[in-house]
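Peer 1: Take a look at the following structure, please.
The values are calculated or read from the model by the stated rules, or taken from the named source; none is laboratory data. Source: prediction; values computed, not measured. Cβ sites come from the backbone with ideal geometry, for glycine too, and all protein chains shown count toward neighbours.
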Amino acid sequence: MTGIKEKIEKDLAAAACAKDAVFLQRFFKTGKGQYGEGDIFIGVRAPQNRAVAKKYFKEISLKDTEQLLHSPVHEHRVCALSVLRLKFENSGAQEQEKIVKLYLKNTRRINNWDLVDMSAAYILGPWFYGKNLDAIYKLADSKFLWEERIAVLASFHFIRQKDFALTLDLCKKFLTHKHDLMHKATGWMLREAGKRDIKPLLSFLDAHAAKMPRTMLRYSVEKLPQNLRKKYMEAA
């Protein structure tokens, strides 16, 4: 008898495109020495993947979802995280806690920027909002790129509540980070904070613009008036 996990894998295989697989392998930097080295793509686009997750998320168990998250195929992990997000959004606190524990146990499988960005703000963010943030700071302190990005992206939920303290603290922490993907993540979150309240963003820029990585700074000022963009970009 075919299980739900196997049905998901079969549906994803049916939606796969070899030409898209080649493009995605290149887009997500899977070459030797690149951040996605060795990852395997079968060529399933995001809308198709979400449709499969939506079809099965009520039926698949957390155990099988975790197994799917451990697949070497990138799109399987995408689908597993879509399932977790849907389950989280449609569950009570007891089930949500199980989902968060599963997520935190498997952060090493959430190992590319798209996987982080589609999940952290929608699972960890709402769960930890108003709670103890030790787990978020543990991720931030891990020295592992994807866990660091998970911590920053989790703060997006806080930004949506107009609570900027976590974001600003993490962005300050990562001012000297070496990886461009963290510069993009922190700059993006600063920009999102500024869209909701410009004052915390300007205070952060006044204090740190001169030493911010160029990409982080460029992302953070993108929505500011031209005169302010020029001012801060010239300060770097």
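Peer 1: Give the residues of segment 52-68 that are part of a helix (DSSP H, G or I) and surrounded by fewer than 23 Cβ atoms within 10 Å (Cβ to Cβ), sorted by residue number.
Peer 2: First, the residues of segment 52-68 that are part of a helix (DSSP H, G or I): 52-56, 62-68.
Of everything in segment 52-68, those that are part of a helix (DSSP H, G or I) and surrounded by fewer than 23 Cβ atoms within 10 Å (Cβ to Cβ) turn out to be Lys54, Lys55, Tyr56, Leu62, Lys63, Asp64, Glu66, Gln67.
Peer 1: Looking at Lys178 and the list (1) in contact (Cβ under 8 Å) with a residue 12 or more places away in the chain; (2) assigned to a loop (DSSP other than H, G, I, E, B); (3) among the charged types (D, E, K, R), which single condition is not satisfied?
Peer 2: (1)
Peer 1: Any chance you could count how many residues in segment 112-133 are in a loop (DSSP other than H, G, I, E, B) and among the aromatic types (Phe, Trp, Tyr)? Reasoning before the result, please.
Peer 2: Restricting attention to segment 112-133, the residues satisfying the condition of being in a loop (DSSP other than H, G, I, E, B) are 112, 118-123, 129-133.
Filter once more, keeping what is among the aromatic types (Phe, Trp, Tyr): 122, 129.
Total satisfying the criteria: 2.
Peer 1: Go through (1) part of a loop (DSSP other than H, G, I, E, B); (2) over 17 Å from Ala120 (Cβ atoms) and name the single condition Asp163 misses.
Peer 2: So the condition that Asp163 fails would be (2).
Peer 1: Between a first residue in segment 77-93 that is aromatic (Phe, Trp, Tyr) and a second residue that is surrounded by 17 or more Cβ atoms within 10 Å (Cβ to Cβ), which pairs have beta carbons less than 9 Å apart while being 6 or more apart in sequence or on different chains?
Peer 2: If the second residue must be surrounded by 17 or more Cβ atoms within 10 Å (Cβ to Cβ), the pairs left are Phe88/Gln96; Phe88/Ile99; Phe88/Val100; Phe88/Tyr103; Phe88/Tyr122; Phe88/Ile123; Phe88/Pro126; Phe88/Trp127.
Peer 1: Would you point out which residue out of Ala151, Ala165, Ala185 is over 16 Å from Leu217 (Cβ atoms) and crowded, with 24+ Cβ neighbours inside 10 Å? Lay out the reasoning, then the answer.
Peer 2: Values: Ala165 fails: crowded, with 24+ Cβ neighbours inside 10 Å; Ala185 fails: over 16 Å from Leu217 (Cβ atoms).
Just a single option satisfies the conditions, and that option is Ala151.
Peer 1: Just name the residue that is farthest from the chain's Cα centre (by Cα) out of those in segment 203-214 that are crowded, with 16+ Cβ neighbours inside 10 Å and more than 12 Å from Leu168 (Cβ to Cβ).
Peer 2: Within segment 203-214, the first condition is being crowded, with 16+ Cβ neighbours inside 10 Å, and the residues that meet it are 204-205, 208-209, 212-213.
From what's left, more than 12 Å from Leu168 (Cβ to Cβ): 209, 212-213.
Working: Ala209: 24, Met212: 21, Pro213: 20 Å.
Top of the filtered list is Ala209.
Peer 1: Taking only pairs six or more apart or across chains, which ones have beta-carbon atoms under 7 Å, a first residue in segment 143-157 that is in contact (Cβ under 8 Å) with a residue 12 or more places away in the chain, and a second residue that is of a type in the set (D, E, K, R) and surrounded by fewer than 21 Cβ atoms within 10 Å (Cβ to Cβ)?
Peer 2: If the second residue must be of a type in the set (D, E, K, R) and surrounded by fewer than 21 Cβ atoms within 10 Å (Cβ to Cβ), the pairs left are Leu153/Asp117; Phe156/Glu192.
Peer 1: Quick check on my filter: what residues within segment 215-236 are part of a helix (DSSP H, G or I) and either touching a residue at least 12 places away in the same chain (Cβ under 8 Å) or buried (at least 19 other Cβ atoms within 10 Å of the Cβ) (or both)? Talk me through it step by step, then tell me what you get.
Peer 2: Of the residues in segment 215-236, the ones part of a helix (DSSP H, G or I) are 215-220, 226-235.
Correct list: Thr215, Met216, Leu217, Arg218, Tyr219, Ser220, Leu228, Tyr232, Met233, Ala235.
Peer 1: Could you check segment 119-141 and list, in sequence order, the residues that are surrounded by 15 or more Cβ atoms within 10 Å (Cβ to Cβ) and among the polar types (S, T, N, Q)? Steps first, please.
Peer 2: Of all residues in segment 119-141, those surrounded by 15 or more Cβ atoms within 10 Å (Cβ to Cβ) come to 119-129, 133, 135-137, 139-140.
Selection gives Ser119 alone.
Peer 1: A further question follows. Looking at Ile99, Ile136, Ile150, can you tell me which residue is touching a Lys or Arg at 6+ places or on another chain (Cβ under 7 Å) and either assigned to a helix (DSSP H, G or I) or not assigned by TED's automatic domain parsing to the domain that holds Leu24 (or both)? Let's see the steps before the verdict.
Peer 2: On the way: Ile136 fails: touching a Lys or Arg at 6+ places or on another chain (Cβ under 7 Å); Ile150 fails: touching a Lys or Arg at 6+ places or on another chain (Cβ under 7 Å).
Going through Ile99, Ile136, Ile150 in turn, the sole match is Ile99.
Peer 1: Same structure again: Among the residues that make up segment 27-50, is at least one of them part of a helix (DSSP H, G or I), surrounded by 13 or more Cβ atoms within 10 Å (Cβ to Cβ) and of a type in the set (A, V, I, L, M)? First the steps, then the outcome.
Peer 2: Start the filter on segment 27-50 by keeping residues that are part of a helix (DSSP H, G or I), which leaves 27, 46-50.
Filter again for surrounded by 13 or more Cβ atoms within 10 Å (Cβ to Cβ), leaving 48-50.
Pick out the ones that are also of a type in the set (A, V, I, L, M) and you get none.
No - not one qualifying residue is present in segment 27-50.
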